[in-house]
1. Give me a count of the residues in region B:330-339 that are more than 9 Å from chain A (Cβ to nearest Cβ) and open to solvent by less than 40 Å² (accessible area, probe 1.4 Å).
2. So, in region A:48-61, of the ones that are open to solvent by less than 40 Å² (accessible area, probe 1.4 Å) and in a loop (DSSP other than H, G, I, E, B), which residue ends up farthest from ligand 1 (Cβ to nearest atom)?
3. A:P119: under 28 Å from the mean Cα position of the chain (by Cα) and surrounded by fewer than 16 Cβ atoms within 10 Å (Cβ to Cβ), yes or no?
4. Which condition does B:V302 not pass, out of (1) within 30 Å of A:F297 (Cβ to Cβ); (2) under 23 Å from the mean Cα position of the chain (by Cα); (3) assigned to a strand (DSSP E or B), if it passes all the others?
5. Could you tell me how many of the residues in region A:26-47 are part of a loop (DSSP other than H, G, I, E, B) and over 30 Å from A:I231 (Cβ atoms)?
6. Within region B:238-254, can you find the residues that are charged (D, E, K, R) and without any contact (Cβ under 8 Å) to a residue 40 or more places away in the chain?
7. If B:P132 passes every condition in (1) farther than 24 Å from A:H460 by Cβ; (2) within 14 Å of chain A (Cβ to nearest Cβ) but one, which one does it miss?
8. For the structure I just gave you, tell me whether B:T270 is polar (S, T, N, Q), more than 16 Å from ligand 1 (Cβ to nearest atom) and under 28 Å from B:P127 (Cα atoms).
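The values are calculated or read from the model by the stated rules, or taken from the named source; none is laboratory data. Small disclaimer: the values here were computed from a predicted structure and weren't measured. Using ideal geometry, Cβ is built from the backbone for each residue, glycine included, and neighbour counts are taken over all protein chains shown. Note: areas computed on protein heavy atoms with side chains; ligands, DNA, RNA excluded. Shrake-Rupley method; radii C 1.70, N 1.55, O 1.52, S 1.80 Å.
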Amino acid sequence: MPTLETEVLVVGGGSTGAGVARDAAMRGFATILVERGDLATGTTGRFHGLLHSGGRYAVKDPVAARECVVENPILRRTAADCIEDTGGLFVSTRWDDPGFGDDFLRGCQATGIPVEEVPVAEVLRREPRLDQGITRAFAVPDANLDPWKLVSACTRSATEYGARILPYHRVLGLEVSDDKVVGARVHNEVAGDELEIRAELVINAAGAWAGQIANLAGCVVTVLPGKGIMIAMNHRLVNTVINRCKPPSDGDIIVPIRTVSVIGTTDVRVADPDELEVTPGEIDEMLDEGEKLVPGFREARALRVWAGARPLYTPDDVTDTRDVSRTHTVLDHAKRDGVEGFITITGGKTTTFRLMAEHAVDTACEKLGVNRRCRTHEEPLPGSEEERFYWLGARVRAQEPVPNSEEIICECELITRRQLTEAIARGRPAGLDDVRRRVRLAMGPCQGGFCIYRATGILHEFEHLDHQAANSALLDFLQERWKGVQPILHGDQLRQARLDDWIFQGLLAVEHLPE
Amino acid sequence: MTDARPRLADVGYDTVVIGAGLAGLTAALRLAEAGQRVAILAKGVGATHLAPPTIDVLGYANGPVDSPAQALPEFAAANPEHPYRQLSIELVRASLDWFKARLGDHGYRGGLDENFFVPTALGVAKPTALLPETMAAGDLREGGRFVFVGLRGLKDFFPAYLADNVAQTPLPGRASVTTRVVELAPPLGEARDVSSAGFARRFEQPAFRESVLTELRRNLVPGEIVGFPAVLGIGGAREVWRELETRLGHPVFEVPTLPPSVPGIRVYDTMTSALRRQGARLVIGSTVAGAETGNGRLEGVVAHTAGRPLTYRARSFVLATGGFASAGLELDSSGTVREPVFDLPVAGLPGQNAPLFEPGYFDEHALSRAGVAVDESRRPVDDEGAPVYENLHAAGATLAGAVPWREASGNGLSLASGYAAASAILEVIS
Ligand SMILES: Cc1cc2nc3c(=O)[nH]c(=O)nc-3n(C[C@H](O)[C@H](O)[C@H](O)COP(=O)(O)OP(=O)(O)OC[C@H]3O[C@@H](n4cnc5c(N)ncnc54)[C@H](O)[C@@H]3O)c2cc1C
Ligand SMILES: Cc1cc2nc3c(=O)[nH]c(=O)nc-3n(C[C@H](O)[C@H](O)[C@H](O)COP(=O)(O)OP(=O)(O)OC[C@H]3O[C@@H](n4cnc5c(N)ncnc54)[C@H](O)[C@@H]3O)c2cc1C
C-alpha cells in the first residue's frame, strides 16, 4: 500500500477542516487534509449562508453570542471577498411577543453585539416587501458568507503554506498502536485504490460525521445530527438578512444571497447525516413562516430545497437539539479516552470556524510540545487582501471592461467559460455537481436548463472525457438537480422544470444516450 | 374614473383560437382555409420558437419506434387515456399530408410508415416521422461518414461530444457510422458569443457564407456528409442550404440546437404568413382570462392586452394554450392543478394526497399526464364525460394522457389534435 507521512492529518474538508489545515500549515506543521467528497460537500456547503452577528444567540446562548461578536469583525477583515455586507435586522412581527424586543436588546448589550433600534417607518422604506404590521426592528451586523469561496480560499492558503489537500479521499480506518493513533487508512474514491497516511497527530474535523471517525479509534463521541432545511426563492425579496425577533425557532431567517433569498431553517434530530429527507410538511411550514415576514412569499418562485446536518456535540443525552449550545468543543482523546495522537473538533458554526481551528491547533501544539502563535486572525485569506466585500454587481462589473469578450455559459449567474474551466481545473476529477458548487452553476432561476448542456460539452472537451464519462456526468447531474427541485415544484418553478424536461428528454433525448 | 368593463372587439368571428403554438396555428389555418373568419389570441409565441421543426408522431414506446403506423395501435391500446386513442391513424396521416403541403417551401419529407433517425445535439439518434429537407441527410439509418461542423462562438453546440455519441449509435444490419469534427472560426466582428439566431442572420449574408465555404472546403474528404448546427438562415434557409450543398459538393444537414430554435421559427413564419393571407387575425401579446357564457355555450372570451380588456365573440373556440411549460396548465403551492383560462376540469391526476412526483428524475411522475380530457368532438368534458361547453374545443399539449417529451410525440400530437379540432368545428357547421 502506498504510504504518505505527515505531522498533522486533518479529516474533513468543510469549513472546520479547511480552517484547521490552514492554521496548522501556517504554524509550520506538515499537513494533509482528506475529504471523502469534493470540498465543502458536507454541512458547510448546505448551510444557511449567514455570518452571524450573534443576535440569534443573544438571549439564550450568550457563550455562542460572544464568540460571534469576536469572530464577525475578524472575518470581515480576513475573508472580505467571501462576504456580502448586507447587514441584518431583527423584526417583531404581529405573531411575535412584543416584549421579546427588550430581552433581545438587553442580551445584545450584555454580550457586546452592536445593536441599534430602527424606527419601523425607516425599516419599511429600506425593505418595502416586509409585512407592514411589524412593531419593532433592530439592526445588527449580520452578513452573508459564501461557503465555497471560504473553503476554497482556506485550502488555497493552506497549499501555499505547504499543506496537501486531498478531496475524494475517504477515511476507512484509523491505525491504533499502543493506545496511540498513528495514521489512517484512506480510500481514493476516484482511482479506487487505498493508501496509508502516517501522522503524528490526527485531527477529526468531520462535523456531523465526527462520531463515526472517533469510533474508528474506539472512542465514543456523541454527535447528534440536527437536520435543517432551507429553500431558495427566486429574487432578492429582501436586501438585508431578516431575523424574527423571538426565541429561535423554525423558518425565522431570510438570507439574501446573490440573486436569490434563502429561508430557513428547521432542527430535527436524525439518525444518519447522510439520510436527510425533506417532507412536504416542512416545506409548507417554511413557506408559511416566510409569508409572515414577506407577504406574497408563497407566490415567489421556490427554486431549490436542501437540507444540512448540524454537528451538535452532546456530552449527555439531550432530546431537543435546539437546547445544545452552538459553541464548539475540542476533545483531546488522550485525556478523555486514553488514546494518544487524536483530537476531535466539533460543534460550532461556520461563523466561528476560524476560532475553532485556532483552538484545535492550540491543542495540537500542546500535544506536540511546541509553542507557535496563531496568525489566522491577522492574515487575510487569498482574494481578500484588499478587504473589499463581495457585492452583487461584482460579477457584472468583472465582465465590463471588454464587452462580449468572453462567452457567458450561465446567464442567470453570469459565469464565463474561463471561470468554468478554472473551476474544473481546481480539483480533478470534477463532476458537474462539483463544478456547480464551485461556481454556483445552475443555481439561478433556470436551474441549469441551458448551462448544464453547455457545461457538459465543455467538460467533455476540456477533460478529454469519453462519451460514457460525459454522459454519466450529465445524467448524474440531472438526477441531483431533480432531488433539489422536486419537493418544491409548483407555479413558475414547475413551468421551468417542464421546459427543462422538454429540452433534455424531448429535444436532446438524454434517456437514449448510447451505452 | 375609467370604465374597467371589457369592450367588445369590433367584429364577431367564426372561431377564436387561444394559443399560437403548433396546435393553435394548425387549427386556425385549417379553419381559415375553409373560409372562416378566424382570430388567434396568444400571450406570446408558442414552442415553435424552442422546439425542433420535426414532427415526432411516436418515437419511443418501450424503446425506439421504427414505424409509427405499426406501433400506434398497440400503443393506443396499452394507454387507454392517451390522446392517440381518440385520434385515428387515418386522421394522423391526413394531418401529416396537410402539413407537408402547407409547408411546401420547407420540402418536408417522411410520413407515418417509417421514422427517420436523426442526431440530437447530444448525438442521440432520435426517431421522427417528418423532417424538413435541411435535416434529411442526417438520417443515420444507412450509416455513413459524418462530419460535424462546430462554429466558434456558438455555445449551444458541442460537435465533439455529439460526434462521440453518434459514433456509438447502434444501427440495423451492416450499416456503420464514423464521425469526425471540423471546427470553424468564421468572422464574428467584435462579438465572441453569438446566439443561434445571430448565426442564422449571418448565414444569410453572402460574405459570411463565403468564408465558411472557403474554410470548410479544404477540410472535407469526398463522400462525407456534413452536419451543421441548425442556424443556416431563417427566411432564406432553403437557398443557404442549397448553396452549401452545391458548392461543397457534399450532402449537408442541420442538427437542432438548444432554444431558440431557428428552424422552428421558420415553421412559425410560414404558418403565420399563410394565416394572414387567408385573412385571419393574429393578436400576439394578449392573455385570455375569463369568459362570457350562456346556455351551456361560450359566447365570448376576455383578452387582456395593453389597456382595457377586450371581449371576442365567436361561434366556436379552440383552447390551445399548451401544457405546464406555457402556463396552459398550472400547479399551485397547495398541490392543485388548474386550467387557468376556463377553469376546466383536469383529468389524469392521481388520487388525493398521492405524490405528484417520484424521487428519480426518469421515473414515471403522476403529474405528467394531467390535462384536459375531451370527447369525440374534441370538447373538454367534466367528470361524467359531458362537454363543458358545446362550442369549446381543445388541442395540443393541454390534453390529458400523454407524456410527449418522453414519447417523442409532441409536435405530432399538436398537429393531429389541432387538425382534428378544426375538423370537428367544420363538421358541426356543414
Ligand atoms: C441547516 C443549517 C443551517 C446553518 N446555518 C448556519 C449559518 O447560517 N451560519 C453559520 O455560521 N453556521 C450555520 N450552520 C452551522 C454550520 O453550517 C456548521 O456548523 C459547519 O458547516 C460545520 O462545518 P464542519 O467543517 O465542521 O462540518 P462539514 O462541513 O460537515 O465537514 C465535515 C466533512 O467531513 C467529511 N467526512 C465525513 N466522513 C468522512 C470520512 N470517512 N473520510 C473523509 N471525510 C469525511 C464530510 O464529507 C464533510 O465534508 C448551519 C447548519 C445547518 C445544518
Ligand atoms: C424546449 C422544447 C423542446 C421541444 N422539443 C420537441 C421535440 O423534439 N419534438 C416534438 O415533437 N415536440 C417538441 N416540443 C413540443 C412541441 O413543440 C410543443 O410544445 C407541443 O407540441 C405543444 O404545442 P401547443 O401548440 O400545444 O402549445 P405551445 O406551443 O406551448 O403554445 C401555447 C400557446 O398558448 C399561449 N397561451 C398560453 N396561455 C395563454 C392565455 N391564457 N392566453 C392567451 N394565450 C395563451 C402561449 O403564449 C402559446 O402561444 C418541444 C417543446 C419545447 C418547449
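1. Qualifying residue count for the region: 2.
2. A:A58
3. For A:P119, the condition - under 28 Å from the mean Cα position of the chain (by Cα) and surrounded by fewer than 16 Cβ atoms within 10 Å (Cβ to Cβ) - is not met.
4. Only one criterion in (1) within 30 Å of A:F297 (Cβ to Cβ); (2) under 23 Å from the mean Cα position of the chain (by Cα); (3) assigned to a strand (DSSP E or B) is unmet by B:V302, namely (2).
5. Final tally of qualifying residues: 4.
6. Result: B:E239, B:R242, B:E243, B:E245, B:R247.
7. Tallying (1) farther than 24 Å from A:H460 by Cβ; (2) within 14 Å of chain A (Cβ to nearest Cβ), B:P132 fails exactly one: (2).
8. Criteria met by B:T270.
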